[in-house]
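Engineer: Below you will find the structure I want to go over with you.
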Amino acid sequence: MKKNMIIAVVLIMINLSAVAQLQVGQGINSWFHKTPQVHNMGLIYMSSVPMVSLTGSSCMDGFGNHPTQGTILASGFLTDGVGIGCKIDREKAGLSGHLDAQVAFVYRIFLSKEKGDKLSFFLGGHFTQDQFATNDVVVLDPNDPGLQNVSQFQPNGNASAGFSFLRENKYYAGISSYQLLENKNAFLNSEWENVHQRTYYFVGGYTYELNEKFGLELSGASVFANAKAFVWDIGLDLKFNKMCWLGVGYRSIGAMKFDIGVTAQSWSFGYLCVYGSWVDVKAYTYKSINNSIFIRKVFNEGRGNK
């Protein structure tokens, strides 16, 4: 009985906190300024050729946890004006894990063909799977029959959509919404329904050419679920000869970002570090460090789309 009361309290706390913070898998990708398509597939038209990118990160926080995240993104073009994007994202933090596989179709129209200004729309379908590490949960009696046949995995399906304005190598701005279907699903316990929050992403960037060799790229992103669950991120990159970059940024959770990268022919490589700290109600200071890598390959020999 006591164990059931503890589990009930934990579930109630999780349910209440679900409207006060972003859930696992709903944050901003550290490399959004290099792959904004992760949050808005309409931006695959930032490149006129097919491409594949990989990002991976591992965090070390003040509680001894090691959250991880990995994302594979691929994009290409079916016909003139129609593109396709595929993304697989895996994130783990604490006892929770989230897998998201997305396939999206993109349609674009020219606002100004001479300047290359475009308006794009996308509609995507998702297969998601949430995971809860029940073996790591502290309980009074691990052999309690009430813990048998408890779901550790919860598959689901959903949809996303959005639009964006862009000009290749110059600017982009987009709005997208994920979890369009605010469905409920039984997770861990058939009597507890977990509502997937609908989230809205805003991404934007602008490149200012200082001269023939140097350029400044300003980028920003935010994700909003409700008045208490939102995050924003801004950054500035100094680019040299379109071959390397050095950047700095700030995330609203109180973290600084630093990244460096190089482009060699059709390959790009980057390293990013996020450092943050916060103070709890007892005045203890906690710090975290996140290390992340970025790899991108563009296929100039593939079907292009201007």
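Please treat every number below as a calculation from the coordinates, not as lab data. Computed from a predicted model, the values in this text were never measured in an experiment. Glycine also receives a Cβ, built like all others from the backbone with ideal geometry; neighbour counts cover every protein chain displayed.
Engineer: Output the pairs from 113/228; 92/239; 118/213; 228/297; 118/228 with a Cα-Cα distance over 30 Å in this structure; if there are none, say none. Let's see the in-between values first.
Structural biologist: Values: 113/228 42 Å; 92/239 32 Å; 118/213 26 Å; 228/297 38 Å; 118/228 34 Å.
Table pairs above 30 Å Cα-Cα are 113/228; 92/239; 228/297; 118/228.
Engineer: Going highest first, how would you order 28-39, 161-172, 205-216 by mean Cβ packing within 10 Å? Write out the running numbers ahead of the final one.
Structural biologist: Working: 28-39: 24.8, 161-172: 19.3, 205-216: 12.8.
Ranking, from highest mean packing down: 28-39, 161-172, 205-216.
Engineer: Trypsin sites (Lys or Arg not before Pro) within segment 219-270: which are DSSP loop residues with at most 16 other Cβ atoms inside 10 Å? Don't skip to the answer; put the middle values down first.
Structural biologist: Numbers: sites: 228, 239, 242, 251, 257; in loops: 228, 242.
In loop regions of segment 219-270 (DSSP not H, G, I, E or B), the sparsely surrounded trypsin sites (Lys or Arg not before Pro) are 228, 242.
Engineer: With θ set to phi - 60°, apply the Karplus curve 6.51 cos²θ - 1.76 cosθ + 1.60 along segment 199-216 and write out the HN-Hα couplings as whole Hz, x wherever there is a Gly or Pro.
Structural biologist: Coupling constants for segment 199-216: 10, 10, 10, 10, 10, x, x, 8, 10, 10, 7, 6, 7, 5, 10, 10, x, 10 Hz.
Engineer: May I ask for the distance between the Cα centers of segment 82-136 and segment 228-243, given as a whole number of Å?
Structural biologist: So the two Cα centres are separated by 20 Å.
Engineer: Hey, what do the phi angles of segment 163-169 turn into as Karplus ³J(HN,Hα) couplings, whole Hz, using 6.51/-1.76/1.60 and θ = phi - 60°, x for Gly and Pro?
Structural biologist: Ordered by residue, 3J(HN,Hα) equals 9, 7, 10, 7, 9, 3, 6 Hz.
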